[in-house]
Amino acid sequence: MSEGIDNDVLWNAFHRAVNMNSEELRAYLLTEASDEEGFPPDPDLGIDELGRAVLHVLGKRKGDLTRADIDVMRRVVALVETMGERTDDDSRRELMSVGHDPLRG
């Protein structure tokens, strides 16, 4: 991460916004990706792209982030800030697909 203090602020904002751990997020994404026909042959095929990117970022240390990771972090923080704490089913599913459960305190 090469942009200094701004990235520290972003790192903290991202980890506040993403209130599900990587295991919870992956389980949620796999559940959402499955349908009546069951899981696709490759479990990641049906997983939301942004959700998959969030999982990737959660597995990294701050010093190992790339520009793409920083973009993902910005998108997630903006989405969570924009949607607030909406708890209707569609909004909650969208927020949870990026690791934010609005029903958590």
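Data for the structure
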quantity	calculated
Arg75 of a type in the set (Lys, Arg), closer than 15 Å to Arg26 by Cα and in a helix (DSSP H, G or I)	no
Enumeration of residues in segment 46-63 that are assigned to a helix (DSSP H, G or I) and either in contact with a Lys or Arg (Cβ under 8 Å, 6 or more places away or on another chain) or touching a residue at least 24 places away in the same chain (Cβ under 8 Å) (or both)	Leu50, Gly51, Val54, Leu55, Val57, Leu58, Lys62, Gly63
Subset of segment 78-105 [touching a residue at least 24 places away in the same chain (Cβ under 8 Å) and not in a helix (DSSP H, G or I)]	Ser97, Val98, Gly99, His100, Asp101, Arg104
Positions within segment 59-101 being crowded, with 16+ Cβ neighbours inside 10 Å and closer than 14 Å to Trp11 by Cβ, in sequence order	Leu65, Asp69, Ile70, Val72, Met73, Val76, Val77
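For every residue, the table says whether it meets (1) at pLDDT 60 or above; (2) among the charged types (D, E, K, R).
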{"residue": "Arg16", "(1), (2)": "yes, yes"}
{"residue": "Met20", "(1), (2)": "yes, no"}
{"residue": "Gly38", "(1), (2)": "no, no"}
{"residue": "Leu50", "(1), (2)": "yes, no"}
{"residue": "Ala53", "(1), (2)": "yes, no"}
{"residue": "Gly59", "(1), (2)": "yes, no"}
{"residue": "Gly63", "(1), (2)": "yes, no"}
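The values are calculated or read from the model by the stated rules, or taken from the named source; none is laboratory data. Just so we're clear, the structure is a prediction, and the values are computed from it rather than from any experiment. Cβ coordinates were reconstructed from backbone atoms using ideal geometry, including for glycine residues, and neighbour counts include every protein chain displayed.
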